Amino acid sequence: MTVPLRIAMIGAGHVGATAAYALMLRGLFSEIVLIDANAALADAEAADLTDADALARGARIWAGDYADAARAQVAVITAGAATHGSQTRLSVTAASAAIVGDCVEALMAAGFNGVVVVAANPVDLMSLLALRKSGLPPARVIGTGTLLDSMRLRQVLSAHLGVAAGSIDGFVLGEHGDSEAAAFSTARVGGVALDGLTEGATLDLPALAATVRTGAYRVVTGKGYTSFGIATAIVRIVEAVIRDEHAVLPVSTLLTGQYGIEGLYLSLPCVIGAGGVERVLEPALNAAELTALTASAQVLREGAAGL
């Protein structure tokens, strides 16, 4: 008997509901269960999604509990404290930790043994917390990390280079936050570095990096929250896991000595497959990028000390 593919979305707010909708359209799972402390919200979102599913791929979508999550292959944690306006992600660490910690404990008590994807902010610290609370192997606790930032980087470069964003290979590394490091030296278009594409013009890399770094603040200031971008990042990670793609994505994972950094969650390009993070890559960085990555790690180290 074939076991249905099930995903548990823990948190049915803007991000969780949007990610569930995107997953439904993608047709990756036959079962999607929404779990939220606000049971009425989860039930309403599940009903709304079920209406939409009549013209989609025919998934079963319902509001459930952690017992339902126990049989899921993937659990996505979006529940956490929200930021407002110019409030930094790190500023909500304590509030998010209380929520994420409770969610992970309940998930594991129910018997979950799959892959956990953490999207709650500050995502690097919440992923480290989820690892500690779950007891799962580090490979199976993945933070969405700088995948969204890297998507923004490709969009910004696309606008300046006149090349489709999907044809640009480039990463943002480190914290998903104000200390992130844009690794412009590793960016390639058809194997060509950035300085080979500008026809003598010079890109203002610090300005481009700032545009990427402040992207979330612009969205939150305008609409009060982010949803579509992070939901798409969640779906891409989940897709790589469930399809065992061995795709290379910049996600937050536990470092074990890469660039001399150990015991922290932060983003580097990772090979993602059925077992979660299968390999962590170390791209060649220039001196300034390496310094920025080390500084980003220090910010997270100080944050982790408060967990």
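The values are calculated or read from the model by the stated rules, or taken from the named source; none is laboratory data. Everything numeric in this text was worked out from a predicted model, so none of it was measured. So basically every Cβ, Gly included, is an ideal-geometry build from the backbone, and we count neighbours across all protein chains shown.
Tabulated data for the structure shown
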{"quantity": "Test: Thr83 is outside any loop (DSSP other than H, G, I, E, B) and surrounded by fewer than 24 Cβ atoms within 10 Å (Cβ to Cβ)", "calculated": "no"}
{"quantity": "Filtered residue count, the range 190-220, keeping only those that are surrounded by 19 or more Cβ atoms within 10 Å (Cβ to Cβ) and more than 22 Å from Ala297 (Cα to Cα)", "calculated": "2"}
{"quantity": "Selected residue (only one of Asn113, Asn121 is modelled with pLDDT of 95 or more and of a type in the set (S, T, N, Q))", "calculated": "Asn113"}
{"quantity": "Arg60 being touching a residue at least 60 places away in the same chain (Cβ under 8 Å) and charged (D, E, K, R)", "calculated": "no"}
{"quantity": "All positions within the range 168-191 that are farther than 13 Å from Pro250 by Cβ and either outside the structural domain of Leu266 (by TED's automatic domain parsing) or under 18 Å from the mean Cα position of the chain (by Cα) (or both)", "calculated": "Gly177, Asp178, Ser179"}
{"quantity": "Residues that are touching a Cys at 6+ places or on another chain (Cβ under 7 Å) and at pLDDT below 95, drawn from the range 75-105", "calculated": "Ala79"}
{"quantity": "Yes/no for Ala52 being outside any helix (DSSP H, G or I) and either within 16 Å of the chain's Cα centre (by Cα) or of a type outside the set (Val, Ile, Thr) (or both)", "calculated": "no"}
{"quantity": "Pairs where the first residue, in the range 5-25, is buried (at least 24 other Cβ atoms within 10 Å of the Cβ) and the second is aromatic (Phe, Trp, Tyr) and at pLDDT 95 or above, C-beta under 7 Å, 6+ apart", "calculated": "Ile7/Phe29; Leu23/Phe29"}
{"quantity": "Among residues of the range 86-108, those that are without any contact (Cβ under 8 Å) to a residue 24 or more places away in the chain and either of a type in the set (Phe, Trp, Tyr) or crowded, with 16+ Cβ neighbours inside 10 Å (or both), counted", "calculated": "1"}
{"quantity": "Residue in the range 114-167 that is nearest to the chain's Cα centre (by Cα), counting only those that are assigned to a loop (DSSP other than H, G, I, E, B) and surrounded by fewer than 18 Cβ atoms within 10 Å (Cβ to Cβ)", "calculated": "Pro137"}
{"quantity": "Unmet requirement for Arg188, which otherwise passes all of (1) touching a strand residue (DSSP E or B) at 6+ places or on another chain (Cβ under 7 Å); (2) within 30 Å of Thr93 (Cα to Cα)", "calculated": "(2)"}
{"quantity": "Val74 being buried (at least 21 other Cβ atoms within 10 Å of the Cβ) and closer than 18 Å to Ser127 by Cβ", "calculated": "yes"}
{"quantity": "Boolean, Ala72 is in a loop (DSSP other than H, G, I, E, B) and modelled with pLDDT of 95 or more", "calculated": "yes"}
{"quantity": "Tally, over the range 258-307, of residues that are surrounded by 13 or more Cβ atoms within 10 Å (Cβ to Cβ), more than 27 Å from Arg236 (Cβ to Cβ) and of a type in the set (Val, Ile, Thr)", "calculated": "1"}
